[in-house]
Amino acid sequence: MLPFLLVDTNKCKDHIEKMHLKSKQSEVLFRPHFKTHQSADIASYFRKSGVTRIAVSSLSMAQYFMANGWTDILLSLIANPNDYQQINKISSEINFQILVDSVYTSKKLAAYIHTQTPVYIKIDCGYGRSGVPADQIEEIEGILNALQGSKLPFKGFLAHFGDTYQAKNQKDIMSIYEKSVNKLKKLKSAFITTYPNLILSIGDTPSCSLVDDFSDVDEIRPGNFVFYDVMQSQLQSCSPNDIAVALIAPVISKQASKNQLIIHGGAVHLSKEYLLNDQGEKIYGLVANYKNASWGKNIDGAYLSSLSQEHGIIQMPASEMEKYNEGDLLAILPVHSCLTANLATCYLSTEGSKLEKMP
Ligand code: PLP
């Protein structure tokens, strides 16, 4: 049973309502990315809020949510042209959309996809991971030509401003957003005459959390905001109290001379993602007290300083050490909740129920 991931469902529901409300106020479509929670039960909170469109990061995730009644799904990872059979199958059952960023893939999919599957072209607005660079109009035209006459109607331009994760402060996040959205708007005006229904789709939690007015785009797809995490709190896209997921782990050894508590909770539970604090020390998670099936405020000065496969080392302020003993449970707030959640087989909720997760 231990360690386990505890989800604060009230916080999750608040985050969903808040983001959905912002999208409605800007009159943009809300297509939350479900790769963060990967849970049919958490998905039901979105459904209750009125969400009907989602994004996923694999074909198996699309199938999982399809089996749970979701009928408008975007595979927001660039499509692998060799997956055309599965794409055809999913498209024959639901409104399924995919993503391309090359002429090669577009041509191959155009030849093999025989069920209507709208396509977004992925644009790189400066992040530098995947996508056609926003100024490469010829490459975009090549893709559009490759899609002509196929079962792959062009739906719009999609970008992920992942460079917001390198921002130093909120002002940086806002300026990455502005700069990137301007690139997309330019593309929209260049192609809107030929494709009057084309849309702009964006979505990263840092900018979606800080921007209030999304009216320059047509669709937002944040994912991480459902849980948030220590990384988002360091970026100031949320407050530490917004974090909605924690690993509940038992203290199994007390190293009093080093002010350390050793927990059963390691890289297999949290992932090895870390952040650096102001002193340049690695932080693998923050620490809070676990009580009444929930957790309280972070313990000032306590942090997870090291992780091995099954163990974590918590560095505690000396003044706190005497409060803790072997067997006590602590809540570890993850650095990157998407990776931590991905490692869990299910969640427990603060309301006392088990939340199903994609196998
Ligand atoms: N869209 C795409 C294409 C992504 O790759 C991601 C995350 O990696 C998201 C949306 C969601 O972004 P975030 O995790 O910042 O919420």
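A few points about this structure:
- Within the stretch 297-319, the set of residues being farther than 17 Å from residue 268 by Cα and either surrounded by 20 or more Cβ atoms within 10 Å (Cβ to Cβ) or touching a residue at least 24 places away in the same chain (Cβ under 8 Å) (or both) comprises 297, 298, 302, 303, 315, 316, 317, 318.
Quick grid of which residues meet (1) at pLDDT 95 or above; (2) under 30 Å from residue 33 (Cβ atoms):
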residue: 245; (1), (2): yes, yes
residue: 248; (1), (2): yes, yes
residue: 272; (1), (2): yes, yes
residue: 292; (1), (2): no, no
residue: 308; (1), (2): yes, no
residue: 326; (1), (2): yes, no
residue: 347; (1), (2): yes, yes
residue: 350; (1), (2): yes, yes
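Every residue, every condition in (1) outside any strand (DSSP E or B); (2) farther than 19 Å from residue 341 by Cα; (3) among the β-branched types (Val, Ile, Thr), yes or no:
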site	(1), (2), (3)
252	no, yes, yes
290	no, no, no
301	no, yes, no
304	no, no, no
312	no, no, no
325	yes, yes, no
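- Filtered residues of the stretch 48-69 (kept if within 16 Å of the ligand (Cβ to nearest atom) and touching a residue at least 24 places away in the same chain (Cβ under 8 Å)): 51, 53, 55, 57, 59, 61, 62, 65
- Residue in the stretch 123-135 that is part of a helix (DSSP H, G or I) and aliphatic (A, V, I, L, M) present: no
- Residues of the stretch 221-232 that are more than 9 Å from the ligand (Cβ to nearest atom) and either of a type in the set (Val, Ile, Thr) or without any contact (Cβ under 8 Å) to a residue 60 or more places away in the chain (or both): 230 alone.
- Residue match in the stretch 34-47 (condition: outside any helix (DSSP H, G or I), within 15 Å of the ligand (Cβ to nearest atom) and closer than 30 Å to residue 145 by Cβ): no
- Any hit, the stretch 247-259, residues being under 23 Å from the mean Cα position of the chain (by Cα) and in contact (Cβ under 8 Å) with a residue 24 or more places away in the chain: yes
Conditions tested, residue by residue: (1) surrounded by fewer than 20 Cβ atoms within 10 Å (Cβ to Cβ); (2) more than 16 Å from the ligand (Cβ to nearest atom).
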| residue | (1), (2) |
| --- | --- |
| 156 | no, no |
| 159 | no, no |
| 167 | no, no |
| 174 | yes, no |
| 187 | no, yes |
| 190 | yes, yes |
| 195 | yes, yes |
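- Test result for residue 34, in contact (Cβ under 8 Å) with a residue 60 or more places away in the chain and in contact with a Leu (Cβ under 6 Å, 6 or more places away or on another chain): no
- Hits in the stretch 194-210 (condition: under 19 Å from the mean Cα position of the chain (by Cα) and β-branched (Val, Ile, Thr)): 202, 205
The values are calculated or read from the model by the stated rules, or taken from the named source; none is laboratory data. Bear in mind that the values here come from a model prediction, so they are computed numbers and not experimental data. Note: ideal-geometry Cβ built from the backbone for every residue, glycine included; neighbour counts use all protein chains shown.
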